[in-house]
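One structure is given below, encoded as C-alpha cells.
The values are calculated or read from the model by the stated rules, or taken from the named source; none is laboratory data. Given the structure is predicted, the values throughout are model-derived calculations rather than measurements. Neighbour counts run over all protein chains shown; Cβ positions are idealised from the backbone, glycine included. Quick note on the areas: whole protein, heavy atoms, side chains included, nothing else; ligands and nucleic acids left out. Shrake-Rupley method; radii C 1.70, N 1.55, O 1.52, S 1.80 Å.
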Amino acid sequence: MEYRKLGKTGMEVSAISLGCEHLQGKDYNTIKTVIDAALDCGINFMDVFMSEPQVRTDIGKALEGRRDKVIIQGHIGSCWVDGQYKVSRDMEEITVAFEDLLERLQTDYIDVGFLHFVDKETDWDTLENSEMMQYAISLKEKGVIRAIGMSSHNAVTAKKAVDTGLIDVLMFSLNPAYDLVPKDRDMTEIFTEVIEGKEQDFSNLTLEPARAELYRTCEEKGVAITVMKTLAMGTLLSAERSPLGVALTEAQCIHYALSRPAVSAVMVGMQKISDVENAVRYWEIPESERDHSQILASLGMFNADGRCMYCNHCLPCPSKIDIAAVNKYLDLVELDKMPADTVKEHYAVLENTASACMECGACEKRCPFKVKVIENMRRAATIFRK
C-alpha cells in the first residue's frame, strides 16, 4: 500500500481507501468482513457519508477496539429524517445527525468533518458565513474534528471554497468521464449532437478547464482531494453502460485519479472481500496495464450527464421511493439487457415502486448528474408494470 499526505492536515492516508456507501443494507457480518479485509490490506482511510442508523452502528461495532487504526471522513449535513437520507442545512437536524454519527461509530472524534454536498455556487455563498460553517469551525477548535472538508461535484463551486482557505480537504467526483472534453468545443453543443446521434471526433481531448484550474489550485494551497465516483459506480467498467462508450479496467480508473494533482486517496466502493482484493491488486499490476492513455485517445461518447450514479443525492422523496434502486433495476434491463421478468422479482420487493412517483420534480433539482428522474420513473413503471 502507498500512503500519501492528506494535504496540510498532518495525516497520512492509504492511496486506495474504503468508500462505505455500498455497505448500507448489508448485514453486520458482511460489513465486518469487508472492514477486516480492508484493514488487513493496509487501508487506513474510510468515508462514512451515510446517515442511515443501522449501517453507522454496524461500522462502529466492526471498528470496536480499532478506532486508532483508521482515519474517518464523516459528513456534516448528511441527515436521517423521517426514515430517509436528507441533505440538510437545518442546524437542529445537522447537530443531531453528527452527534449520532459519533455515538454510533463509538468515537469522540472524526478525523475530517465534511460539509456535505455543496454543489451550487449559491450553496457555498450561503454556507461560507453560515451557522453551519461556524459549527464546523467550533468542532475543529474543540478537537471533535481534526480537519474541515467539503464534498462537491461542481468544480467552480469547489474552487470558490478552496480559495477561502476554510477547507482542508475536498471530496470531489473525479474520473475521465467527468474530466475530459474535446478541445475548443462547446459542451452543450456536443451533448446535443451526441443525443441526436451525430458522429463525434474524440481524438483531441483535453482536461475541462474549470476542473484543471481546481486541481492546480488545490495543489498550490495544499488542499487534499479525496476522490469519489472513481469508477462512476462501476459503469466505467462496462462498455455498454459507460458514458465513455468503452470499458476501462478498475486499475486504469484508479491510476487516472491517483495521477491528478492534489489527489491523496481514491475512495473505492467495496461491499465484499473480492472488491477489496480487486482494488488493492492495483499495486501488483505492471505500469503498462494501468495505462489508460490509448483508450482515452479513442473515446466514443464521454459525457456522464443524464446517467444515474445511484448516489441518492436526489432524496428525500415525498413518496419515499428508493430512486437509486429503481434506476439501477431500470439500467439492468435497458443497458445490461437482463430480462425484465427476472429483474422484476427484485424490483417488486421495494417498499415503494416507480408508480408512486408524484412527478413533483424535487429529485431532479437535487441531482448533480442531471438525471431525468421523472422520465425514468415513468419507464420503470411501464416496464415492471408496477
| said: Before I look further, what does the chain give for accessible area per residue, probe 1.4 Å, in whole square angstrom? | reply: 43
| Pick the calculated mean projected area of the Cα convex hull in nm² for this structure from (i) 19.6; (ii) 18.3; (iii) 22.8? | (ii)
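Taking region 312-385, which GluC sites (Glu not before Pro) meet the DSSP loop condition and have no more than 16 other C-beta atoms within 10 Å? Spell out each step's value before the answer.
On the way: sites: E334, E345, E351, E359, E364, E375; in loops: E351, E359.
Sites meeting the loop and neighbour criteria: E351, E359.
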| message | Just to confirm the filter: which GluC sites (Glu not before Pro) across region 62-103 are DSSP coil and have at most 16 other Cβ within 10 angstrom of their Cβ? | response | E64
| request: Kindly provide the pair-distance distribution of region 242-283 built from C-alpha pairs, with 10 Å bins from 0 and whole-percent values in order of increasing distance. | output: 25, 51, 24, 0
| query | Which residue, G113, G60, G165, has the most motion in a Gaussian network model of the chain that connects Cα atoms within less than 10 Å? | reply | G165
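With a/c under 1.5 counting as rounded, go ahead and sort region 15-111 into rounded, prolate or oblate using the C-alpha gyration tensor (a ≥ b ≥ c being the square roots of the eigenvalues; past the cut-off, prolate if a/b is larger than b/c, else oblate). Working shown, then result.
Numbers: a/c = 1.95, a/b = 1.64, b/c = 1.19.
It is prolate, given that a/c is not under 1.5 and a/b is the larger ratio.
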| Rounded accessible area of R146 (nearest 10 Å², 1.4 Å probe) | 110
| message | Please check: in the Gaussian network model of the chain (C-alpha springs, under 10 Å), which one of V55, V87, V333 has the largest mean-square fluctuation. | response | V333
| query | Between M1 and Q106, what length comes free when the chain is fully extended (0.36 nm per residue of separation minus the Cα-Cα distance, one decimal in nm)? | reply | 35.1 nm
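If the chain between E277 and T95 were fully stretched, how many nm would it gain, using 0.36 nm times the residue separation less the Cα-Cα distance? Write out the running numbers ahead of the final one.
Working: separation 182, 0.36 × 182 = 65.52 nm, distance 3.65 nm.
The E277-T95 span can extend by a further 61.9 nm.
First check a/c for region 41-165, with a ≥ b ≥ c the square roots of the eigenvalues of its C-alpha gyration tensor; if it is under 1.5, answer rounded, and if not, answer prolate when a/b is larger than b/c or oblate otherwise.
Values: a/c = 1.77, a/b = 1.46, b/c = 1.21.
Since a/c reaches 1.5 and a/b is larger than b/c, the shape of region 41-165 is classed as prolate.
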| field | HN-Hα J in Hz across region 103-112 - Karplus 6.51, -1.76, 1.60, θ = phi - 60°, x for Gly and Pro | value | 5, 6, 7, 6, 9, 10, 8, 10, 5, 10
| request: Mind putting a number on the dipole of the chain about its Cα centre? Charges go on the C-beta only, +1 for Lys and Arg and -1 for Asp and Glu, and I need it in Debye to the nearest 20. | output: 260
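Determine, from the Cβ-Cβ distance of D163 and K386 and an R0 of 41 Å, the FRET efficiency 1/(1 + (r/R0)^6), rounded to the nearest 0.05. Walk me through the numbers before you get to the answer.
Values: r = 49 Å, r/R0 = 1.19.
Calculated transfer efficiency: 0.25.
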| Along the charge dipole of the chain, Cβ charges K/R +1 and D/E -1, which of S259, C367, A158 sits furthest on the positive end? | C367
| request: Mind checking the full-extension length gain between E128 and E345? Use 0.36 nm per residue of separation minus the Cα-Cα distance, one decimal, nm. | output: 73.5 nm
| Which value in nm describes the separation of the simple spin-label points at A210 and K86, placed 7 Å from the Cα toward the beta carbon? | 2.9
| task | With a 1.4 Å probe and every protein chain left in place, tell me how much accessible area D291 has, in Å² to the nearest 10. | result | 60
| query | What accessible area, in Å² to the nearest ten, does a 1.4 Å probe give for M132? | reply | 10
| remark: Computed for region 1-113: size of charge dipole around the Cα centre, +1 on C-beta of each Lys and Arg, -1 on C-beta of each Asp and Glu, debye to nearest 20, value 360
| message | Run the paramagnetic zone check for I137: 7 angstrom along Cα to Cβ, then residues of region 1-28 with backbone nitrogen under 20 Å. | response | 8-9
